[in-house]
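**Q** Below you'll find the structure I mean.
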Amino acid sequence: MDRPYLDLGPCGPLRGVLRVPGDKSVTHRGLMLLALSQGEGRLFYPLKAGDTLSTARVLRALGAEILEEKGPEGARLAREEGPHFRVRGRGLRLKEPEDVLDCGNAGTLMRLILGILSGQEGLFAVLTGDASLRRRPMGRVVEPLRAMGASIDGREGGKKAPLAVRGRGLKGVSYTLPVPSAQVKSALLLAGLFAEGVTEVVEPVPTRDHTERLFRHFGLPLEAEGPRIRTRRAEPFPAKDLTVPGDFSSAAFFLGAALVTPGSEVTVEGVGLNPTRTGLLEVLKAMGADLEWQVLEGEGGEPVGYVRARYSPLKGVSVDPALIPLLVDEVPILAAAAAWAEGETYIPGLSELRVKESDRVQAIAHNLRALGVAVEEGSDWLRIGGGGVRPGEVEPFHDHRIAMAFAVAGLPVGVRVWEPHWAEISYPGFFGDLLRLCAAS
Ligand code: S3P
């Protein structure tokens with residue numbers, strides 16, 4: 001069968017202002033918490049893409065009513081008119097689904113919903129996903145949930161999906177995260193809403209804190225004291241509207257594209273600037289990037305503002321491994337920028353990238369080589385020779401961020417992107433936005 005591809009560029013400079021789709025992490029969590037709330041709430045400017053539509057579908061199967069309401073056309077509508085999901089929640093008690101719950105490609109969905117389902121007494125559910133999700137490690141959530149009393153079984157003793165869960169009475173535990181993972185933290189905090197006593201997650205390394213911010217938004221129990229985050233059993237709580245900021249991880253591709261394409265200047269507006277997400281800005285600055293950003297407002301406890309990037313001659317750096325959890329989804333675009341830098345870039349601390357939607361260490365190395373860039377790959381590190389790329393063909397490996405990052409890497413010289421539709425997992429319309437900024441110059 002013929003595989004689809006897209007030929008892009010050479011193009012540039014990129015110029016203009018854009019808004020990127022809503023934050024994926026906040027959309028997943030916003031939908032879940034509204035589904036657990038009492039009454040009706042709206043989630044404005046959500047991400048409507050493969051992953052979050054999977055969440056809406058799963059929550060509907062669990063009894064939540066979720067309507068997609070478009071609102072009138074217009075780039076900057078007042079919040080109350082903007083596109084939104086209208087959610088009627090179940091007041092903490094979900095319905096037993098009639099069929100297997102398909103989480104598609106969405107790791108966040110599978111891990112977080114496991115936390116919620118574990119505490120739904122008596123309810124039986126089976127979770128599965130696509131080939132990529134069925135390969136990903138689930139033991140990291142299943143084990144601590146079992147320590148809380150959850151009844152979960154699955155392939156390889158519960159390490160891989162499909163997973164079967166029978167909701168039970170849970171007990172709070174204190175659990176120290178062995179790997180930095182906001183998904184594991186969030187699964188346990190969500191389970192903690194149904195557990196007796198206190199549930200404590202200790203995170204030696206900070207990870208994205210959207211769940212904590214949203215617990216506060218909805219008035220759910222939450223105490224954070226340094227690395228210790230605690231919750232306890234929730235009382236039924238009322239629905240509350242929420243606005244989703246633009247996804248910094250999506251904005252990152254345009255920042256990267258502007259930095260490597262001579263003459264470019266791109267501004268992304270309305271983007272989430274939560275400091276647990278923006279480690280990339282610090283690394284790019286150290287590489288010599290001309291970047292400016294400012295927080296202008298807050299929405300649902302999330303800082304929101306703009307970021308502007310101008311073309312910059314970049315230089316290679318050695319990245320501090322402590323920053324990786326704060327840029328974990330931006331490593332592909334960082335690698336793409338590093339390919340255009342002068343000198344070598346060393347990125348350590350990448351063991352978690354081996355278990356993302358693809359093995360991203362391998363996928364990055366493959367695509368850099370395909371674009372003529374020297375690269376060395378270790379078990380948890382990459383060493384990227386800079387100096388620019390040559391035209392070539394890139395392979396997404398069924399991974400949205402790999403598709404977008406290497407489209408950007410090759411854009412200034414021309415690139416063929418195989419299976420470009422993978423971008424739609426988190427950014428429908430990505431290639432259209434990229435080409436619009438090129439054409440605007
Ligand atoms: C996410 C957490 C991160 C990230 C993923 C989204 C979340 O995963 O890579 O894209 O929404 O909590 P890990 O928890 O596996 O690090």
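**Q** Would you tally the residues in segment 30-54 being within 15 Å of the ligand (Cβ to nearest atom) and either among the small types (Gly, Ala, Ser) or open to solvent by 10 Å² or more (accessible area, probe 1.4 Å) (or both)?
**A** The number of residues fulfilling the criteria is 5.
**Q** Same structure, new question: Among the listed residues Ala363, Ala370, Ala374, Ala309, which satisfies the condition of being small (Gly, Ala, Ser), assigned by TED's automatic domain parsing to the domain that holds Ala423, touching a helix residue (DSSP H, G or I) at 6+ places or on another chain (Cβ under 9 Å) and free of Cβ contacts under 8 Å to residues at least 24 places away in the same chain? Full working, then the answer.
**A** Numbers: Ala363 fails: free of Cβ contacts under 8 Å to residues at least 24 places away in the same chain; Ala370 fails: free of Cβ contacts under 8 Å to residues at least 24 places away in the same chain; Ala309 fails: free of Cβ contacts under 8 Å to residues at least 24 places away in the same chain.
Going through Ala363, Ala370, Ala374, Ala309 in turn, just one is small (Gly, Ala, Ser), assigned by TED's automatic domain parsing to the domain that holds Ala423, touching a helix residue (DSSP H, G or I) at 6+ places or on another chain (Cβ under 9 Å) and free of Cβ contacts under 8 Å to residues at least 24 places away in the same chain: Ala374.
**Q** Ok, one more. Could we say that Arg135 is within 16 Å of the ligand (Cβ to nearest atom), open to solvent by 10 Å² or more (accessible area, probe 1.4 Å) and assigned by TED's automatic domain parsing to the domain that holds Glu156 here? It would help to see each step written out before you state the result.
**A** On the way: within 16 Å of the ligand (Cβ to nearest atom): yes; open to solvent by 10 Å² or more (accessible area, probe 1.4 Å): yes; assigned by TED's automatic domain parsing to the domain that holds Glu156: yes.
It is true that Arg135 is within 16 Å of the ligand (Cβ to nearest atom), open to solvent by 10 Å² or more (accessible area, probe 1.4 Å) and assigned by TED's automatic domain parsing to the domain that holds Glu156.
**Q** Give me the residue from segment 55-71 that is open to solvent by less than 30 Å² (accessible area, probe 1.4 Å) and not in a strand (DSSP E or B) and, out of that set, farthest from Ser25 (Cα to Cα). First the steps, then the outcome.
**A** Narrowing segment 55-71 to residues open to solvent by less than 30 Å² (accessible area, probe 1.4 Å): 55-56, 58-59, 62-64, 66.
The next check asks that each one be not in a strand (DSSP E or B); those that pass are 55-56, 58-59, 62-64.
Working: Thr55: 11, Ala56: 13, Val58: 16, Leu59: 16, Leu62: 20, Gly63: 22, Ala64: 19 Å.
Here the answer is Gly63.
**Q** So, in segment 409-441, how many residues would count as being assigned to a helix (DSSP H, G or I), in contact (Cβ under 8 Å) with a residue 12 or more places away in the chain and not hydrophobic (A, V, I, L, M, F, W, C)?
**A** 6
**Q** Being touching an Asp or Glu at 6+ places or on another chain (Cβ under 7 Å) and in the same structural domain as Ile324 (by TED's automatic domain parsing) is true for just one of Leu284, Leu280, Leu273. Which residue is that? Spell out the reasoning first.
**A** Details: Leu284 fails: touching an Asp or Glu at 6+ places or on another chain (Cβ under 7 Å); Leu273 fails: touching an Asp or Glu at 6+ places or on another chain (Cβ under 7 Å).
Result: Leu280 is the single residue among Leu284, Leu280, Leu273 that is touching an Asp or Glu at 6+ places or on another chain (Cβ under 7 Å) and in the same structural domain as Ile324 (by TED's automatic domain parsing).
**Q** Within 16 Å of the ligand (Cβ to nearest atom) and surrounded by fewer than 19 Cβ atoms within 10 Å (Cβ to Cβ), is that true of Glu393? Write out each step before concluding.
**A** Details: within 16 Å of the ligand (Cβ to nearest atom): no; surrounded by fewer than 19 Cβ atoms within 10 Å (Cβ to Cβ): yes.
So Glu393 does not fit the description; no.
**Q** Please go through segment 177-193 and pick out each residue that is of a type in the set (Gly, Ala, Ser) and within 11 Å of the ligand (Cβ to nearest atom). Full working, then the answer.
**A** Taking segment 177-193 and keeping what is of a type in the set (Gly, Ala, Ser), we get 181-182, 186-187, 191-192.
Ser181, Ala182, Ser186, Ala187, listed by residue number.
**Q** If you go through segment 234-250, how many residues are away from the ligand (no atom under 14 Å from the Cβ), of a type in the set (S, T, N, Q) and farther than 16 Å from Glu302 by Cα?
**A** As a first pass, look at segment 234-250 and keep what is away from the ligand (no atom under 14 Å from the Cβ): 234-243, 246.
With the extra rule that they be of a type in the set (S, T, N, Q), the set shrinks to 243.
Now drop any that are not farther than 16 Å from Glu302 by Cα, which leaves none.
Residues meeting the conditions: 0.
**Q** When you look at Arg213, is it out of contact with any helix residue (DSSP H, G or I) (no Cβ under 8 Å at 6 or more places or on another chain), over 17 Å from Val331 (Cα atoms), touching a residue at least 24 places away in the same chain (Cβ under 8 Å) and within 15 Å of the ligand (Cβ to nearest atom), yes or no? First the steps, then the outcome.
**A** Working: out of contact with any helix residue (DSSP H, G or I) (no Cβ under 8 Å at 6 or more places or on another chain): yes; over 17 Å from Val331 (Cα atoms): yes; touching a residue at least 24 places away in the same chain (Cβ under 8 Å): yes; within 15 Å of the ligand (Cβ to nearest atom): yes.
Yes.
**Q** Every residue in segment 303-351 that is in a loop (DSSP other than H, G, I, E, B) and within 15 Å of the ligand (Cβ to nearest atom), please. Walk me through it before giving the result.
**A** The first filter runs over segment 303-351 and keeps only residues in a loop (DSSP other than H, G, I, E, B), leaving 311-314, 316-317, 319-320, 327, 340-341, 343-344, 348-350.
Within segment 303-351, Leu327, Gly349, Leu350 meet the criteria.
**Q** So Arg354 fits all but one of (1) open to solvent by less than 10 Å² (accessible area, probe 1.4 Å); (2) in a helix (DSSP H, G or I); what number is the exception?
**A** Of everything listed in (1) open to solvent by less than 10 Å² (accessible area, probe 1.4 Å); (2) in a helix (DSSP H, G or I), Arg354 misses just condition (1).
**Q** Could you count how many residues in segment 377-387 are open to solvent by less than 30 Å² (accessible area, probe 1.4 Å), within 21 Å of Leu259 (Cα to Cα) and out of contact with any helix residue (DSSP H, G or I) (no Cβ under 7 Å at 6 or more places or on another chain)?
**A** Looking only at that region, the number is 1.
**Q** Tell me, please, whether a residue that is buried (at least 21 other Cβ atoms within 10 Å of the Cβ), farther than 22 Å from Ala423 by Cα and not β-branched (Val, Ile, Thr) can be found in segment 327-339. Steps first, answer last, please.
**A** Just the residues of segment 327-339 that are buried (at least 21 other Cβ atoms within 10 Å of the Cβ), to begin with: 327-339.
Now drop any that are not farther than 22 Å from Ala423 by Cα, which leaves none.
Within segment 327-339, none of the residues are buried (at least 21 other Cβ atoms within 10 Å of the Cβ), farther than 22 Å from Ala423 by Cα and not β-branched (Val, Ile, Thr).
**Q** While we're here: Just one of the numbered conditions (1) touching a strand residue (DSSP E or B) at 6+ places or on another chain (Cβ under 6 Å); (2) open to solvent by 70 Å² or more (accessible area, probe 1.4 Å); (3) at pLDDT 95 or above; (4) not small (Gly, Ala, Ser) is not true of Arg79; which one?
**A** (3)
**Q** Looking at the structure I just gave you, is Val317 buried (at least 22 other Cβ atoms within 10 Å of the Cβ) and out of contact with any Gly (no Cβ under 6 Å at 6 or more places or on another chain)? Outline the logic, then answer.
**A** Details: buried (at least 22 other Cβ atoms within 10 Å of the Cβ): no; out of contact with any Gly (no Cβ under 6 Å at 6 or more places or on another chain): yes.
Answer is no for this residue.
**Q** Does Asp359 satisfy the condition of being open to solvent by 10 Å² or more (accessible area, probe 1.4 Å) and either among the hydrophobic types (A, V, I, L, M, F, W, C) or modelled with pLDDT of 95 or more (or both)? Walk me through it before giving the result.
**A** Values: open to solvent by 10 Å² or more (accessible area, probe 1.4 Å): yes; either among the hydrophobic types (A, V, I, L, M, F, W, C) or modelled with pLDDT of 95 or more (or both): yes.
Yes, satisfied.
The values are calculated or read from the model by the stated rules, or taken from the named source; none is laboratory data. From a predicted model like this one, the values you see are computed outputs, not experimental measurements. Every residue, glycine among them, receives a Cβ derived from its backbone with ideal geometry; neighbour counts consider all protein chains shown. The protein model used for the area step is the full one, side chains on, heavy atoms only, and it has no ligands, DNA or RNA in it. Shrake-Rupley method; radii C 1.70, N 1.55, O 1.52, S 1.80 Å.
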